[in-house]
Amino acid sequence: MANDSEAEPRSRWDVLSQTGAGTPMGELLRRYWWPIAGASELEEPGTKPVRLMGEDLVLYKDLGGRYGLLDRHCRHRRADLSYGYVEACGLRCNYHGWLYDETGSCLAQPYEDLAHPEARLKDEIRIKAYPVEELGGLLWAYLGPEPRPLVPDWEFFSWKNGFRQIVKAEIPCNWFQCQENSIDPVHFEWTHSNWSVRLAGAAGPYSPRHVKVDFSEFDYGFQYKRIRTDTSAEDRLWTIGRVYLWPNGLFTGNHVEFRVPIDDENTLSVMWHFSRVPKERELYVQNSIPTWQGPITDPETGRWITSHVMNQDFVTWVGQGSIADRSKEYLGPSDRGIVMIRRRFLNDLDAISEGRDPKAVIRDPAVNRAIPLPVAERKNFIDGFTRAEIMRDPFSRRNLQGYIFQTGQPAEVREAFLAAMGFTEAELAPPDDRFDPLAPVSRAV
Ligand code: FES
Ligand SMILES: [Fe+2]
């Protein structure tokens, strides 16, 4: 039985895992645009059920090409609008034919319009509706108060000559512990490098050690920096680092990972991945960005899949519990960045309660143009490499040999990737046993 003490917050950070409408953090998160699908998932008109921050919704594209995001349930008698059918303008309920547009207006009530036209009942009907915009091949939703800000136009969305893919997964835990991983350089050594050694059956050698990490805030997020035993203060992973993209992203250079709250205990992981084609393949133009969703559980064992970079991350996130209990943590010096971002969110809760915008809300169109971000290998993705240079670099070559970030890439995406890059499977050697993604070498793909 619940009692008052159980209802008390256990830690000052607990508020940060809320996502629901009306909760402080839920209201803060609603001040931002969230990627909810790849545009290629709705290339043809149709519907797609979406759950976002605990709200059940339906995303659709009508026959006129307009996107809408409506309450999942019809305003009449609550039928599921993801089974509705799209019209020239709007989405029609499959139960009694009420038709809604993307603003939430009811355009038609077929029986009432015919039998009782004078009543004009539809004029008073509104259904919950949220704006949707497309940017970078992603569909973005905004659930917050007006005036809505701009969808951030990060620079990588307009990088040229890249094969892009959008990779999704549904993770059964709270979004915020997933996002804390975006400012955690040391985990790379243990979750990825060393664990991969052990998963491959070897006992070593282990990765170079992290000897120094640093964190700093900038307008659009935080930078995290590292020096390992194999690098110096000259290395770009120290002088520039990588980006915690505010509020929900991790930008590493060749990809950005967004953590999107489905509800308090489930997260949609949305990765937008950029593979620069060799210079010999320029100008390469990709007309549609494929979107795919990978599994996270091994059907044979029922255990989490551990073979790929992000799958390894998923294991750590779900391992923290469906909502991590931060009263039981023991934070160390490597967690300084985690504390910085938690404090920033708490400060921004104050900001919105005082009527101010929280961090990284962008409203000025002059600012919102290919916003540059401080990421270590930025120049490489813009300038590119030749085929020979790619083949000489272990990390770039390994990225050609197979998709390392998440399991389940469909064969047709693999084929399209190789065609874009101008390589055939046959000319790529089998994957190296060992490679180190953070090694101080140039990286291309
Ligand atoms: S329930 Fe949707 S039109 Fe009746
Ligand atoms: Fe990771």
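The values are calculated or read from the model by the stated rules, or taken from the named source; none is laboratory data. Not measured: the values here are computed from a predicted model. Every residue, glycine among them, receives a Cβ derived from its backbone with ideal geometry; neighbour counts consider all protein chains shown.
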Problem - Unique match (being over 19 Å from S334 (Cα atoms) and touching a Phe, Trp or Tyr at 6+ places or on another chain (Cβ under 6 Å)) among I227, I171, I183 - result: I171
Problem - Single unsatisfied condition, K48 versus (1) in contact (Cβ under 8 Å) with a residue 40 or more places away in the chain; (2) within 21 Å of the chain's Cα centre (by Cα) - result: (1)
Practice task
Please verify whether the stretch 305-320 includes one or more residues that are assigned to a loop (DSSP other than H, G, I, E, B), away from ligand 2 (no atom under 16 Å from the Cβ) and touching a helix residue (DSSP H, G or I) at 6+ places or on another chain (Cβ under 9 Å).
Solution key: no
Practice task
Taking T103 as meeting all but one of (1) among the polar types (S, T, N, Q); (2) buried (at least 16 other Cβ atoms within 10 Å of the Cβ); (3) away from ligand 1 (no atom under 16 Å from the Cβ), write down the number of the exception.
Solution key: (2)
Practice task
Go through the residues of the stretch 117-126 one by one and say whether even a single one is modelled with pLDDT under 95, in a loop (DSSP other than H, G, I, E, B) and not β-branched (V, I, T).
Solution key: yes
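Given the stretch 181-300, what strands (runs of 3 or more DSSP E) lie entirely inside it while holding 1 or more residues that are within 16 Å of ligand 2 (Cβ to nearest atom) and under 23 Å from the mean Cα position of the chain (by Cα)? Spell out how you get there, then give the answer.
Details: elements: 210-218, 221-228, 242-245, 249-251, 255-263, 266-276, 291-293.
Per the criteria, 221-228, 242-245, 249-251, 255-263, 266-276.
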Exercise for the section: Consider E170 carefully, then state whether it is buried (at least 20 other Cβ atoms within 10 Å of the Cβ), away from ligand 1 (no atom under 16 Å from the Cβ) and charged (D, E, K, R). Expected result: no
Exercise for the section: Answer with yes or no whether L121 is touching a residue at least 60 places away in the same chain (Cβ under 8 Å), more than 16 Å from ligand 2 (Cβ to nearest atom) and hydrophobic (A, V, I, L, M, F, W, C). Expected result: no
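For every residue, the table says whether it meets (1) within 16 Å of ligand 2 (Cβ to nearest atom); (2) surrounded by 20 or more Cβ atoms within 10 Å (Cβ to Cβ); (3) among the aromatic types (F, W, Y).
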site	(1), (2), (3)
W98	no, yes, yes
L107	no, no, no
P117	no, no, no
R126	no, no, no
L135	no, no, no
L138	no, yes, no
A141	no, yes, no
